[in-house]
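K.L.:
This is the structure, below, for whatever I ask next.
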Amino acid sequence: MKKLTSAFTIMTMLMLGAFSITSAGAIGINVGVSGQVGAFTGSANETEDLSAPQGEEATAAVGYTSVFIEKTLGSRLIVGYDYVPESLTSDVQSRVITDNGSRVTNKVTIDFEDLSTTYVALKLTKNIYVKAGMLDVDVVTNELLGTGSAYGNTSLDGTVYAVGYNHTRDNGLFIRGEFSHMEFDGAKLTSTVSCVQAVNQPTCKDNTVKLNNLDGLSGKLSIGKSF
């Protein structure tokens, strides 16, 4: 799934047009860029044919940038959209297994693409706010499996909850610091492998991988402009 909304286009139009605003006053639009670092933990089970599932857990540190656009509603409520333009790639996972009596190597990396957040923020004070939102990300598997199997791609939904501090100067420039918790729903992928020796059976099922959970804590620093 590809996002049809271009955060870059919207932000550029607002930046170019906002400087022409004169006596009309503030329009309640915020645009900016963020840098975010955090640690994520995930667990998954892999099932090969009818064998018992084998579970694994992993923890990884991540860092990425995003752009965002917001609309202020009244004096306390903000709705916004945050988009990560870069792909986040996992480390290579490699494992040697026995397949049909032969030792083969499976290597897999995963790309997380088009990570987006739609959120609502509530100002508790002039500077402190809380935020809740819905996450969406595309998961692209890049595998080199000695068994000949191949996994498809999928998408994950999730939620984010955050608390932050915002300071806005008189000229509309602002800086924010934010701490958040993100949690993604699980997913299940089933591989397929060519059954060249089977009669009237072009494909057959091979392995399944089930993502049980993926969640993390992160810190974000943002700068932007209010119009």
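The values are calculated or read from the model by the stated rules, or taken from the named source; none is laboratory data. Note that the structure is predicted; figures quoted are calculated from it, not measured. When we count neighbours, we look across all protein chains shown, and the Cβ atoms used for this are built from the backbone with ideal geometry, even at glycine. Each accessible area value is taken on the protein alone, full model and side chains, heavy atoms only, with ligands, DNA and RNA left out. Shrake-Rupley method; radii C 1.70, N 1.55, O 1.52, S 1.80 Å.
K.L.:
Cβ contacts < 7 Å: first residue under 15 Å from residue 134 (Cα atoms), restricted to segment 144-165; second residue open to solvent by 30 Å² or more (accessible area, probe 1.4 Å) and at pLDDT below 85, any location; separation 6+ or different chain. Result?
P.N.:
Pairs found: 155/1.
K.L.:
Step by step: first the residues of segment 153-193, then only those that are outside any strand (DSSP E or B) and either touching a Gly at 6+ places or on another chain (Cβ under 8 Å) or more than 18 Å from residue 88 (Cβ to Cβ) (or both), then the one that is modelled with the lowest pLDDT. Which residue is that?
P.N.:
Of everything passing the filter in segment 153-193, 186 is modelled with the lowest pLDDT.
K.L.:
Right, another one. Restricting attention to segment 50-73, which residues are modelled with pLDDT under 90 and exposed (fewer than 14 other Cβ atoms within 10 Å of the Cβ)?
P.N.:
Of the residues in segment 50-73, the ones modelled with pLDDT under 90 are 50-62.
Result: 50, 51, 52, 53, 54, 55, 56, 57, 58, 59, 60, 61.
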